[in-house]
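Heads up: the structure comes next, in structure tokens.
The values are calculated or read from the model by the stated rules, or taken from the named source; none is laboratory data. Predicted model, so just to flag it, every value in this text is computed and none were measured. No Cβ is skipped: glycine too gets one built from the backbone with ideal geometry, and neighbour counts run over all protein chains shown. SASA here: full protein model, heavy atoms, side chains in, ligands and nucleic acids out. Shrake-Rupley method; radii C 1.70, N 1.55, O 1.52, S 1.80 Å.
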Amino acid sequence: MTREKVLRGLPGRGKMEHTTTARHFIFGREMCKIGGHMSDLAPTVLLSAEDVQTRVKALAREISREYPPDEDLHLVAILKGAFLFLGDLIRAMDRNVTIDFMAVSSYAKGTTSSGEVRMIKDLDSGLEGRNVIIVEDIVDTGLTLAYLQEILHARNPRTLRTACLLSKPSRRKIDVKVEYVGFTIEDRFVVGYGLDFAEKYRNLPYIGVLNE
Ligand code: 5GP
């Protein structure tokens, strides 16, 4: 899809983002121009809204099949990036589920991952004896997920698995197990469907790549 089509699909965004200040931020290995016109920033579609919806529904079916309906299923979404993924995943599950949220910070704005993970919000309830699935937006180096799996495992769930919408295997620094992967992608910085750049783009219904 061309950038023009993307913009047409999002009425008003060009106006909203218009600014005359041009600044540059380095984020990971991508350099993105912030400021100028929105057309500089309109993400190029990598995975369309339809692709995402189809895959998330398939993942929901796969997960539902593997947990008998009479067993509990507790989904722990990692904020903020996984909130849309969780919402669509559970709406496609024809069974009882419970949910909880945890927030961690692994990337300081404008830098690459340091490998340090800081917990910002803990879960509301314990995990002892429960079937738990960590719901994460993207696994990149794997450091965040390795940390999450370790601390959640220590809370003695009955089972602990992980569902990630996206995976960038070429970036991995640590071998981390992910039972459910939506899409495997190349080393590109992606936004949309919950994923942000400087807190923007989370509301896009598709996964896009920012243009330089
Ligand atoms: P990891 O610890 O695996 O390197 O990084 C995981 C976290 O980094 C993700 O939960 C996400 O917040 C952020 N991240 C990694 N790659 C991307 C990306 O391509 N786009 C966005 N928006 N965030 C990313």
| Neighbour net charge for Val104 - beta-carbon separation under 14 angstrom, K R +1, D E -1 | -4
| Relative contact order computed over segment 48-205 (Cα-Cα under 8 Å; 6+ residues apart), in percent | 21 percent
| note | With label points set 7 Å from each Cα along the Cα-to-Cβ direction at Glu186 and Arg172, the distance between them in nm comes to 2.0 nm
| query | Given segment 102-212, what percent of its DSSP beta bridges are antiparallel, to the nearest 5? | reply | 35 percent
| task | For segment 42-132, report the accessible area per residue in Å² (1.4 Å probe, heavy atoms, rounded to an integer). | result | 52 Å²
| message | Less than 14 Å Cβ to Cβ from Met93, Lys/Arg counted +1 and Asp/Glu -1: what total charge do the surrounding residues give? | response | -1
| request: Calculate what fraction, in whole %, of the accessible area of segment 70-163 sits on carbon and sulfur atoms when a 1.4 Å probe is rolled over the protein chains. | output: 48 percent
| remark: Taking Cα pairs closer than 8 Å and at least 6 residues apart, the relative contact order of segment 150-212 in percent is 23 percent
| When the convex hull of the C-alpha atoms of segment 133-195 is computed, what volume per residue in Å³ does it have? | 79 Å³
| query | Accessible area per residue of segment 157-212 at 1.4 Å probe, in Å²? | reply | 46 Å²
| message | Please list, by residue number, every one of the GluC sites (Glu not before Pro) in segment 53-160 that is coil in DSSP and has at most 13 other beta-carbon atoms within 10 Å. | response | Glu71, Glu116, Glu128
